[in-house]
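**Student:** Structure incoming, see below.
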Amino acid sequence: MSNPLDALIPPEETYWIEADEDFDDSQVSEEHQRLRILLFQQNRRDAQLRQNRRRMAQKNDGDSSDSDVAPEQPNGVSKTPSTDGPAKDAKEEEKLVKLDPSEIGMSAGYKNLYSGKEDKRGRFQWQTTIPEDLGKPAEDAESEKWAIIVRHIKTYNDPKKVLSIHSIVIQSPLLKNMLSEVLAGYPGVTVGLKRLEFSGRFEPLIHRWPEFTSAVAKLKARQTSENEDDRSEDKAKHATLLQELLTKEFQETIDAATDLKSQGVMTYEHLWTLFQPGSFVYSKQQGQDRIFRLHSSKYGTDRSGNPVYWLACQYTDYDGSRWGTNKLNLCIPAYEGTKPITGLPTSPLDSHSDVDAIKAKLVERGSKVEALAGSHYRGYNGVGWRMGSMNVKEKYSIKGRVVVDTYGWNRFNPNMSVYVTPLHVKDTPNAAGTGSGTPPINEYGGDDEYDEGYDDDDGGMPLDGYFADEDEEESKRAGVVLSEEQKMICTPLVRGYALKEKIWLNFFVNAVQDVDFSTRAFESLVLPQSQKELILGFTETQQSYRSQFDDVIEGKGRGIIILLCGPPGVGKTLTAESVAEEMKVPLYMMSAGDLGLDPRHVEAKLQGILDMCTRWNAILLLDEADIFLESRSLHELERNKLVSIFLRVLEYYEGIMFLTTNRVQTFDAAFQSRIHISLDYKELDHKSRLTVWKNFLKQHDVAQAAARDRPLKALVSAAKALQNGTHDSVSGTDGADEDSNARVQELHKKRTLAHNISDQDMTRLASMSMNGRQIKNVLKTAQLLASKRGEGLSYDHVKTVMEVTQHLLKSEQATQATKDTLYH
């Protein structure tokens, strides 16, 4: 094989300068002879170069055809690498070994292989010979006799010492006996082990340093007073030995931490001395006072790479079927110099200015959370929140009625489900400065990177993926009573559903209120008494005995569907609302916007709503039901899909549903067999309209009396009007002088007077053909007119409003007459 470097080698030829037999040296000059010698030397060097290049080319050709290590041959034959020369080839043939397949793995013994010398990257190859640099084991039978084994490592960048303690092993049973009292209850430490080992910062011993020094002092005092115990002296010696060892190594850290704590401040470098695993810490989260049990802590970084001190904390929570513990990761960002301990984002509970008061406050709050375990219908006035896309917290201002139901939260909102570690599972937090893992999703959705990963198998999913039924849930909850400590560290959040906003949210328990039910709602309903009794009787009985009657197919036909049909403004919607108020159950008002018009999503949303209402014993109101229940046709396939979905899903509904419509003629025929009760609402007659007028006027007087007793609030616009000297606007109490204040107060009294409409006037008003909604609108407008004039509501105000809006009433009546001619 040719080599391109051969072109650089001079050709093999005899130069003319070589010696000749007939050449006479005397015939040339001295300069000529010197030149011949130089050329001769160059010739010899070129010849040597040619020889070296040929050898190199032969070696390269051999490397390209054969590998350094011969591949394994089949049938158990191994071959050593070949070498140059016939003698090496003969030796290679002698090393060929063929192993009988029946002998593979049959030798009773083991073959030892050892790691070879490592390269710069830490890589090595296995070899059959023992490394030559092995020494004698440092710990053997001889070392077991010592009370303490101390391991040292070299120290760099510290001018005060060249060695530091890496770890210690406590072997003395006397020391273990003493430490069992000192470290009692410290998480992650089992003193009874044969080899009790401490390493790193020796957190358990440093955190319990006062208890440790006190125990050593007691042993020394006992040694001088009690001579009958032969082992007291040895116990004191061993304890003193450990104390001196730790004092020599950590005295500077202990003194610095003690000095900082005495001054009420702490540096970032010594934060680990402040937080002892298993202790209680105080923090404010979302404006709420919180107490946590510290699980573990460590120095680390946040997601942005900034140095922080992580605290993995535990708190009590409820997942809908059981009480347990959850974890929240808190952090303290790095800071320079010292900082007051009470000024830290999270601090030990003992450093709080009023420990007893904050404990009592949080125990009371925890009792409220415990009382709301299960499903509860409540009012709420505050902020609710949920985690949105990209882990961003979405906040909502909620003022209305909610259903607190953590079980429903997990079932109908599974992507944000909450599951806890049961209280009976023993917790084993790690010591500070240890642990690693992936960030969990905690109750505040914070940016955290620190996670100890404890009890991971029990979080995030229900046991066996199974939702316990309501009876099992109730039985489990009844047998658990939270202790004072568990209430103190309980979450301030309850999960529930906002009925008005129709979303699942986290609610703050202190903003949850009892519902103020309207006691007059059902009484104000203008219906024949027999009809009212029929509706209320059906609904109350269905709530109590809905599970007793069933179809041939299980779960089918347990619900009751009531159709309310009639013209607008006759009380159809009010019927469902007043029944819910009378029964004190939630009212879910479903509309077309809740379901959409896409058949692919309508069924899932409808089924979810029906399941929620069944669980809460709620009354479901489908207002203007003809949108979804209109008769099917051959030309509207999408509408046919919606109708078929409702026909199928309503068959399996187990609760109470009210359907309202003023177009009952458009209903599909298949719904007739699915409706249990159908009530026809007629136009209001004179007697009914008179009752409606009286009810609204009575309610007006109640509202006026309440407004008269409330203190005045000056609106922004009213305040500007007062500054401009205009006092005819809504009142304010910041007038320029006492006279203006008196005039404002007098105006306020006139505007909050009761109505002065007589019975005769009511009779005249009732003679006008109007529905209940129109009567309400007229009275509301008349009240605004009376307030503007600074007068009590009178017949003249009502008459003025009716004269102005008479064209609207006539238009509505004409439209209704036209519809009647179309359908009848």
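**Student:** I'd like the Karplus ³J(HN,Hα) series for the range 674-679: coefficients 6.51, -1.76, 1.60, θ = phi - 60°, whole numbers in Hz, and an x wherever there's a Gly or Pro.
**Tutor:** 9, 9, 7, 10, 10, 10
**Student:** Which of Y299, Y380, Y114 comes first, and how do the rest follow, when ranked by fewest Cβ neighbours within 10 Å?
**Tutor:** Y114, Y299, Y380
**Student:** Net charge near N510: determine it from the other residues with C-beta under 11 Å of the C-beta of N510, scoring Lys and Arg +1 and Asp and Glu -1.
**Tutor:** On the way: positive: K361, R365, K368; negative: D289, E364.
Combined, the nearby Lys, Arg, Asp and Glu give +1.
**Student:** Can you bin the range 560-622 into rounded, prolate or oblate? Criterion: square roots of the alpha carbon gyration tensor eigenvalues sorted a ≥ b ≥ c, rounded for a/c under 1.5, prolate for a/b above b/c, oblate for the rest.
**Tutor:** Oblate is the answer for the range 560-622, as a/c is 1.5 or above yet b/c matches or exceeds a/b.
**Student:** Right, something else. Fewest to most neighbouring Cβ within 10 Å: what's the order for S417, S143?
**Tutor:** S143, S417
**Student:** Can I ask one more? Which net charge results for the neighbourhood of L679, defined as the other residues with beta-carbon distances under 12 angstrom from its beta-carbon, given Lys and Arg at +1 and Asp and Glu at -1? Display every interim value, and only then the final one.
**Tutor:** Working: positive: K532, K572, K682; negative: D680.
In short, +2.
**Student:** Give K776/K799; K161/K261; K145/K218; K176/K220; K359/K399 a once-over and call out the pairs whose C-alpha atoms are over 19 Å from each other.
**Tutor:** Result: K161/K261; K145/K218; K359/K399 exceed 19 Å.
**Student:** If you don't mind, there's one more thing I want to ask. Test of understanding: ordering E582, E485, E139 by Cβ neighbours within 10 Å, fewest first, what list do you get?
**Tutor:** Sorted ascending by nearby Cβ count, the order is E139, E485, E582.
**Student:** For the range 172-180, take each phi angle, set θ = phi - 60°, evaluate the Karplus expression 6.51 cos²θ - 1.76 cosθ + 1.60, and give the result in whole Hz per residue in order, putting x for glycine and proline.
**Tutor:** Those phi angles translate into 6, x, 5, 5, 4, 5, 6, 5, 4 Hz.
**Student:** Now a separate question. Considering only the other residues whose Cβ falls under 12 Å of the Cβ of K698, what net charge follows from Lys and Arg at +1 and Asp and Glu at -1? Each step should come with its number before you reach the end.
**Tutor:** Values: positive: R520, K694; negative: E523, D701.
Cβ neighbours under 12 Å give a net charge of 0.
Values quoted throughout were computed directly from the atomic coordinates according to the rules given, and no laboratory measurement underlies them. In this text, all values refer to a predicted model and were calculated from it rather than measured experimentally. Using ideal geometry, Cβ is built from the backbone for each residue, glycine included, and neighbour counts are taken over all protein chains shown.
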